[in-house]
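Written below as structure tokens is the structure these notes are about.
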Amino acid sequence: MTGKPALPKDPVLCQCSGTTQSYIAALVKQGLDVDAISQRSGALTGCGGCEWDIAELVKALSTAKNSA
Ligand code: FES
């Protein structure tokens, strides 16, 4: 026991749909953009509160992919 709460390995980014970070990362790998990811996963179809987090993740992963 370290006394610190463990961070979830695969955080849920969209609480409304239960979409996890790893699922979004997998969809980005397939070349999907934010709109397509939303349609496929159901993310961003509820309250919209996850919009910033998902947009940032997609941007970061797309940048990493394009610069590789
Ligand atoms: S948390 Fe993603 S739509 Fe509500």
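A few comments on the model shown:
- Scanning region 17-44 for residues that are of a type in the set (Ser, Thr, Tyr) and surrounded by fewer than 14 Cβ atoms within 10 Å (Cβ to Cβ) returns a single hit, Ser22.
- Tally of residues being small (Gly, Ala, Ser), within 12 Å of the ligand (Cβ to nearest atom) and either under 10 Å from the mean Cα position of the chain (by Cα) or assigned to a helix (DSSP H, G or I) (or both) across region 12-68: 4
- Filtered by the rule that a residue be within 20 Å of Asp10 (Cβ to Cβ) and loosely packed, with under 14 Cβ neighbours inside 10 Å, region 46-66 gives Gly46, Gly49, Trp52, Ala55, Glu56, Lys59, Ala60, Ala64, Lys65.
Coordinate-derived values only; no laboratory data. Since we're looking at a predicted model, the values are computed, not measured. When we count neighbours, we look across all protein chains shown, and the Cβ atoms used for this are built from the backbone with ideal geometry, even at glycine.
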